[in-house]
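Q: Below is the structure I would like to discuss, written out as C-alpha cells.
The values are calculated or read from the model by the stated rules, or taken from the named source; none is laboratory data. Small disclaimer: the values here were computed from a predicted structure and weren't measured. Note that we place each Cβ from the backbone using ideal geometry, even for glycine, and neighbour counts take in every protein chain shown. What goes into the accessible areas is simple: the full protein's heavy atoms, side chains included, and nothing from ligands, DNA or RNA. Shrake-Rupley method; radii C 1.70, N 1.55, O 1.52, S 1.80 Å.
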Amino acid sequence: MKAWQLPLFAMASVSTAAYAVQPDGIMLGSGVTLLPGVEVSISDNSNIYLQENDETSSSITAIRPNVALKADMGVTQLNAYYELTSASYDADSDDNYLDQLLTLGGDVEMTSRQAIGLDFSLKKGHDPRGSGSLEGQTTVDPSEYTDTTFGGDYTYGADSAFANVTVYGSLYNKEYSNNPTATDDLNYDKTTVGAELGLKVSSTTRVLFEVRSSGLAYDTDQAKDDKDGSIMTLLAGASWDIASKTTGDFKIGTTKRDFDHSTVDSDSRFAWEAGVTWTPRSYSVLNITTSESANETTGPGSYNANQYTAITWDHTFSPLWALKANLSLNKDNFVVLDNSGSDRQDKTTTMGVTGIYSPNKILDVKAGLEKASRTSNSTGLDYEKQVLSVGIDLAF
C-alpha cells in the first residue's frame, strides 16, 4: 500500500521493527522474512521519580528481544512484530518492569484504485513511579496497564488521480490492573471514525481536507461525570513531495471537546498536525513534527490540550559512524471546565544526542546523553533529569 493511502493514525499503529542496523533477515520462502533482534542497554538516570528536590538516581539495565515477520505477497502485504522489554533498577527493585508489545498489520491493494488496511496492537505497559497515574508518588509499585487498538482504513484513489478519499476507524481501550486508588478513574474506551480527501493541484502537491470524530466512555461513575463525551476535529492543509528532497504535510483547523455531563462546559481550540522531512543529502535527514491535540489526562483537569514539537537529525558520517540528535518541546494544558479550579500548565523540554558505531550491518554500538526539564505553574512539579546510556543493537 502506498504512503498516501494510510492516514496518520494507521501509519502510527501499524508497527514493524525499526532497526538502525540493516539486517537481511531470515528468508522463509514465499515472500516471508523473519527479522529477529535484541537490544541491550545500561543507563544512569539522575532523577527516576521526576522530583523537584531530593532526587533519586539509579542505574538501569534493560534488555529488549524482538522479532518481526514480514510477508510480501504481491498485492497483499502482511507484517507482525513482538517485543519484550525487561528492565532492572539498581536503586530499588520495586521499579523493575516487564513490558510487552504485539502489533499485526495487513494492506491489500484490491484494484489499481482501491486498497484496505487493517491493524491491531496490544501493549502491556506501565507508569513508572513519579509519572502518569503515579505523579508525585514514590511509595507504591508502578501502575500496570493494557492498551488495545483495532484499526482499519479504506482508500479509493491513485497516485495519478485528481482525488483520493480515505475513510478510517479505530477502537481503543486502556485498562489498568493495579493501584486502583490511583487508576480506577483512568480506564476508558475511545472510538474514532474519520475521512480524508486529497485533491491533486500539481505533480508535487495535494490539498487535504479531514474530518475526525471520537467518542470517549470511562468505566467509573465519577470519571463518566467528569470526562465522558466526544472530540470533533476539522482540518485542512496540504501535502507535498519536492524532488524527494522535502516531503511532508501540514493541516490546520479546530478541535472541539464536548462533555456529556451538563456541569462540564465544552471547549474549542485551534488545532494543527504537521510533519516535514528534509533530505539535503542521502546521508543526512532532518525531521520536524508538530501538533496541537485534545488528549486524555491522567491527572487534573477535564482533558489535556497538548502542544508538541520535535526536531530530529540523523547524519551518517561514514559506513562506521553516525549521529542522532533530537530536541522536543511538550506543553500540557490540563483544562478545567467544571469550575473546580484553574488550569495546570506544564512545559517539558528534552534534548539528546546519540553516537552510533556500526562495525557491520547487523550490529550497532551506541552511547547517548539526554537532558530533560519541566516547569509547571503547580507547586512541586518542576524537575530536571539527565540520562547517560550505552548499549548495543543486534539484528539478523
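Q: If you place +1 on the Cβ of every Lys and Arg, -1 on the Cβ of every Asp and Glu, and leave all else neutral, what size is the dipole of the chain about its Cα centre, to the nearest 20 Debye?
A: 1840 debye
Q: Among the aspartates and glutamates, which have Cα under 20 Å from the Cα of Lys385 when same-chain residues fewer than 8 positions away are ignored?
A: Asp44, Glu52, Asp54, Glu55, Asp90, Asp92, Asp95, Asp127, Glu135, Asp332, Asp346, Glu370
Q: Determine how large the accessible area of Phe334 is when every protein chain is in place; take a 1.4 Å probe and give Å² rounded to the nearest 10.
A: Per-residue accessible area (Phe334): approximately 20 Å².
Q: Taking R0 as 25 Å, what's the FRET efficiency between Arg269 and Phe209 from their Cβ-Cβ distance, rounded to 0.05?
A: Once rounded, the FRET efficiency stands at 0.85.
Q: How large is ³J(HN,Hα), in whole Hz, for each residue of region 27-41 in order, when computed from phi with the Karplus curve 6.51 cos²θ - 1.76 cosθ + 1.60 and θ = phi - 60°, using x for Gly and Pro?
A: Running phi through 6.51 cos²θ - 1.76 cosθ + 1.60 with θ = phi - 60° gives 6, 9, x, 6, x, 9, 10, 9, 10, x, x, 8, 10, 10, 9 Hz.
Q: How big is D for region 269-327, in µm² s⁻¹ as a whole number, if Stokes-Einstein is applied with the Kirkwood radius of its Cα pairs at 4 °C and 1.567 mPa s?
A: 94 µm²/s
Q: With no solvent and one equal point scatterer placed on each C-alpha of region 328-396, evaluate the Debye formula and give log10 I(q)/I(0) for q = 0.12, 0.19, 0.20 Å⁻¹, two decimals.
A: Those come out to -0.52, -0.80, -0.84, one per q.
Q: Ok, one more. Among Ala217, Ala161, Ala238, which one moves the most in a GNM of the chain with springs linking Cα atoms closer than 10 Å?
A: Ala161
Q: I would also like to ask the following. Please give me, ordered by residue number, the chymotrypsin sites (Phe, Trp or Tyr not before Pro) of region 141-184 that lie in loop per DSSP and have at most 13 other Cβ atoms within 10 Å.
A: Phe162
Q: With Kirkwood's inverse mean 1/r over C-alpha pairs for Rh, give me the Rg to Rh ratio of region 278-367, two decimals please.
A: Here the Rg-to-Rh quotient is 1.20.
Q: Let me see the pair-distance distribution of the chain: every alpha carbon pair, 20 Å bin width, integer percents in order.
A: 22, 60, 18, 0
Q: I'd like the accessible area for Leu327: 1.4 Å probe, protein heavy atoms, all chains in place, Å² to the nearest 10.
A: 80 Å²
Q: Next question. Using θ = phi - 60° and the Karplus form 6.51 cos²θ - 1.76 cosθ + 1.60, what ³J(HN,Hα) does each residue of region 280-293 get, whole Hz, x for Gly and Pro?
A: x, 9, 4, 9, 9, 10, 10, 10, 10, 10, 8, 7, 10, 8
Q: In whole Hz, what ³J(HN,Hα) sequence does region 89-101 give by Karplus (6.51, -1.76, 1.60; θ = phi - 60°), x for Gly and Pro?
A: With the stated coefficients, region 89-101 comes to 9, 6, 6, 7, 5, 5, 8, 4, 8, 9, 9, 9, 9 Hz.
Q: Now a separate question. Enter the Cα centre distance for the pair region 301-334 and region 201-253, rounded to the nearest angstrom.
A: So the two Cα centres are separated by 20 Å.
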